[in-house]
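J.: Sharing a structure with you now.
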Amino acid sequence: MDLFEYAREKDKEKESPLAARLRPRTLDEIVGQQHIVGKDKLLYRAIKADKLSSLIFYGPPGTGKTTLAKVIAGTTSSDFKQINATTSGKKDMEEVTEAAAKTAGMYGKKTILFIDEIHRFNKGQQDYLLPFVEDGTLILIGATTENPFFEVNGALISRSMIFELKPLSAEDIKTLIDRALTDKERGLGAYGADITDEALEALADIAGGDARHALNAIELAVLTTDKSEDGGIHITLPVIEECIQKKVVRFDKTGDNHYDTISAFIKSMRGSDPDAALYYLAKMLYAGEDVKFIARRIMICASEDVGNADPQALQVAVAAAQAVERIGMPESQLILSQAVTYVATAPKSNASCGIYEAFDAVKETGTLPVPPHLQDAHYKGAAKLGHGVGYKYAHDYKDHYVKQQYLPYELSGREFYRPSDNGYEAKIKEHMKRIKADPDE
């Protein structure tokens, strides 16, 4: 690179968005993801030692997938190539693999190929890479926002180490914002800007673990805010709200408001008020609540408050939980809405809570012996001990039911499951009443 090219690169860097300028250049500059890049972790050691195998980085936008690839590019002795699956095709891959084969043959040097959005490649394109990964011509680093076990070929998965990147914590986001406002070389430090605690908390919360989102917002805030009389740029909550075009909902994820909202959400579903349930769902989503947390609460409600009155409710809730993990926001709000309205409008029963009474009985009585006729009889000598003797096989009797002692004798007559008169549970109740009315002995 000559002097003029160097100058052009420097000018280009200065004009880049803040998120690009502040991209970490070393492992030690990375904020968050300590579960995979902490100094005692495998990936950290592999990058430091320049001993990488093929990798797939999986996680939401703005969590550092490309950053990690760039750090690797800056530390490895291998030749580093990058393509994006949304704009590249087989021809681009052919050029990379041909160059990689020459580099390996002439210089004995490996090539690392970073493919951003690797899930965008179809099966044929992914299959093309396989032999080059297998013979070591390429070390593949793939980045994807989708679950790789669904979107990346199994053959590539089996030859790669999978690392899941998590959304950054609010504290991580605050660290990045502070770095952006104080770094005079690559950040906004030359502007003399500061941010109020209220605005910092709000931006860290609204960012939803996305570093790029937070940095774009703080850059816009600094560049569009006039200097005050004291000559400084002061970023307040109204400025942040204006920059992100979103009112900040008072919803502290660790405070009373969080628990009050989730409580109202559950009680609205339990109380068969789908409108209120949707309102509290929207409030949580608007404030950036974790969709997986919301999905877990819906599943619990489906069992605790609907149960067998509509067994389909749990299936809908579980399917919704699985779907939101695959799809992400904003589409997941529709899936959660469907699950919430189904559970809210379903017939209700809390009969599944009988498990708590059963727990109490276990704690009160200790370990009571299983009636001998129910004990395991599938071994030699069991009959001599009386195990299994006198057991009645239910399917040999009318309605596939026969009266015999199932509970420990000390708990004879105790009831833990009491079906309600609602929904499908009314049929269960009638069925149990009918078969027990005049059973064959």
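The values are calculated or read from the model by the stated rules, or taken from the named source; none is laboratory data. Keep in mind that what you see is a predicted model, and the values were worked out from it rather than measured. We place every Cβ from the backbone using ideal geometry, glycine too, and count neighbours over all the protein chains shown.
J.: Where the second residue is of a type in the set (Ser, Thr, Tyr) and part of a loop (DSSP other than H, G, I, E, B) and the first is closer than 19 Å to Ile112 by Cα and lies in region 135-157, which pairs have Cβ atoms under 6 Å and are six or more apart or on separate chains?
T.: Ile139/Ser54; Leu140/Ser54
J.: What's the number of the only condition in (1) part of a helix (DSSP H, G or I); (2) modelled with pLDDT under 85 that Leu68 fails to meet?
T.: (2)
J.: Quickly run through region 286-298 and pick out the residues that are surrounded by 19 or more Cβ atoms within 10 Å (Cβ to Cβ) and closer than 19 Å to Ala204 by Cα.
T.: The answer is Ala287, Gly288, Glu289, Val291.
J.: Please work out which residue is modelled with the lowest pLDDT, limiting yourself to region 340-351 and to residues that are farther than 16 Å from Lys283 by Cα and of a type in the set (A, V, I, L, M).
T.: Among them, the one singled out is Ala351.
Rundown of residues vs (1) closer than 17 Å to Leu138 by Cα; (2) of a type outside the set (D, E, K, R); (3) in contact with a Lys or Arg (Cβ under 9 Å, 6 or more places away or on another chain); (4) part of a helix (DSSP H, G or I), yes/no style:
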| site | (1), (2), (3), (4) |
| --- | --- |
| Ser77 | yes, yes, yes, no |
| Lys91 | yes, no, no, yes |
| Val96 | yes, yes, yes, yes |
| Ala99 | yes, yes, yes, yes |
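J.: Answer yes or no as to whether Lys123 is touching a residue at least 12 places away in the same chain (Cβ under 8 Å) and surrounded by 14 or more Cβ atoms within 10 Å (Cβ to Cβ).
T.: no
J.: Continuing with this model, one more query. Based on what the data block shows, is Ala20 under 28 Å from the mean Cα position of the chain (by Cα), surrounded by fewer than 18 Cβ atoms within 10 Å (Cβ to Cβ), assigned to a helix (DSSP H, G or I) and at pLDDT below 85?
T.: Taking the combined requirement at face value, the residue does not satisfy it.
J.: Same structure, new question: Would you check which residues across region 141-169 are among the hydrophobic types (A, V, I, L, M, F, W, C) and surrounded by 19 or more Cβ atoms within 10 Å (Cβ to Cβ) and list them?
T.: Ile141, Ala143, Val152, Leu156, Phe163, Leu165, Leu168
J.: Mind counting the residues in region 189-232 that are assigned to a loop (DSSP other than H, G, I, E, B) and either under 12 Å from Ala19 (Cβ atoms) or polar (S, T, N, Q) (or both)?
T.: 5
J.: Checking the conditions here, which among Leu156, Leu176, Leu181 is more than 20 Å from Ser228 (Cβ to Cβ), hydrophobic (A, V, I, L, M, F, W, C), touching a helix residue (DSSP H, G or I) at 6+ places or on another chain (Cβ under 7 Å) and not assigned by TED's automatic domain parsing to the domain that holds Pro131?
T.: Leu176
J.: Further question: Report every pair of residues separated by at least 6 positions or lying on different chains whose Cβ atoms are under 9 Å apart, first residue within region 365-389 and among the hydrophobic types (A, V, I, L, M, F, W, C), second modelled with pLDDT under 70 and part of a helix (DSSP H, G or I).
T.: So the pair list comes out as Ala377/Ala383; Val389/Ala383.
J.: Can you pull out every residue in region 266-285 that is buried (at least 21 other Cβ atoms within 10 Å of the Cβ) and either free of Cβ contacts under 8 Å to residues at least 60 places away in the same chain or under 10 Å from Thr341 (Cβ atoms) (or both)?
T.: Met269, Ala277, Tyr280, Leu281, Met284
J.: Got a sec? Which of Arg434, Arg326, Arg414 is within 24 Å of Leu281 (Cβ to Cβ) and not β-branched (Val, Ile, Thr)?
T.: Arg326
J.: Being within 15 Å of the chain's Cα centre (by Cα) and of a type outside the set (Gly, Ala, Ser) narrows it down to one residue among Gln333, Gln312; which is it?
T.: Gln333
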